[in-house]
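Undergrad: One structure is given below, represented as structure tokens, and several questions about it will come after.
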Amino acid sequence: MTSTREPFDAATALAGGQDGFDALDLTHRQIVVELGKLAALVSRLDSAGLDVETRNLAREVGGFFATTARLHHEDEERHVFPQMEASGDADIVQAVLRLKQDHHWIEEDWRELAPHVDAVASGQLWYDVDVLREGVNIFIALSLDHMALEESYVYPEAKAKLGAVERREMGREMAARRRQKPKRKARPAAPPG
């Protein structure tokens, strides 16, 4: 189950100014793969315990949901949702409000799961497989339901409203943000002494 492929990289997927919706769709496909790996992680903990393969799987899945998935939500909230909220269509606005709330719940669910996934990745034994099992089931169901609403309703509406030039510009901005180096937080000064 250990992956030898390069990690998912939307910046590479967007090289050449491609349509930003291509990257959003590609990320959705990758999220489905990573959700499957998250479910497999729980199964491996039950069957194989905390072996090297399980730890590697936890590291890979944890890294994806801590970075790529968060950037994806930011992409939607920057490029898709504002235009749809401004559409004046009550049904679309309601769908977008629900999707924004989903982002909040998905993030909150991940914050609860992440310490357990990180513990597994680090080989620490304090993780709780029952918490993981229940949380993963909820996380997967919410994520799949969320993506279904985006793909069946909001994305098609957004694609229809954005021209090809705007969609390529969206892709360029998304790629540029991914190429930026993360800014380090300043460390607090050491207390005098």
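Undergrad: For a footprinting-style exposure proxy, rank Asp75, Asp51 by other Cβ within 10 Å, fewest first.
TA: Neighbour counts put them in this order, fewest first: Asp51, Asp75.
Undergrad: Set the Förster radius R0 to 25 Å, insert the Cβ-Cβ distance between Ser152 and Glu108 as r into 1/(1 + (r/R0)^6), and round the FRET efficiency to 0.05.
TA: Computed FRET efficiency for Ser152 and Glu108: 0.55.
Undergrad: On to the next question. How big is the equivalent ellipsoid of the stretch 14-177 along its three axes, where each semi-axis is √(5λ) from the Cα gyration tensor, reported in whole Å from largest to smallest?
TA: 33, 17, 11
Undergrad: Calculate the spin-label point distance for Gln101 paired with Ala48, positioning each point 7 Å from the Cα along the beta-carbon direction, and give it in nanometres.
TA: With each label placed 7 Å out from Cα toward Cβ, I get 4.0 nm.
Undergrad: Given labels modelled 7 Å from the Cα in the Cβ direction, how far is it in nm from Val165 to Asp145?
TA: 4.1 nm
Undergrad: Next question, about the same structure. What is the fewest-to-most order of Ile106, Ile140 by other Cβ atoms lying within 10 Å of their Cβ?
TA: Lowest to highest Cβ neighbour count: Ile140, Ile106.
Undergrad: Take Arg111, Arg55 and order them by how many other Cβ atoms sit within 10 Å, fewest up front.
TA: Result, fewest neighbours first: Arg111, Arg55.
Undergrad: Could I get the Rg over Rh figure for the stretch 19-80? Both from C-alpha atoms, Rh via Kirkwood, rounded to two places.
TA: When Rh is taken as the Kirkwood radius, the ratio is 1.10.
Undergrad: Something else about it: Each residue of the stretch 158-172 in turn: what ³J(HN,Hα) in whole Hz from Karplus with 6.51, -1.76, 1.60 and θ = phi - 60°, glycine and Pro shown as x?
TA: Working through the residues one at a time gives 5, 4, 5, 8, 9, x, 4, 5, 5, 5, 5, 4, 4, x, 5 Hz.
Undergrad: If you put +1 on each Lys and Arg Cβ and -1 on each Asp and Glu Cβ, how big is the dipole of the stretch 14-177 around its Cα centre, in Debye rounded to 20?
TA: For this selection, approximately 420 debye.
All of the numbers you see were taken from the coordinates with simple rules; none came from a lab. Quick caveat, the model's predicted, so the values are computed rather than measured. Cβ: placed from backbone, ideal geometry, glycine included. Neighbour counts: every protein chain shown.
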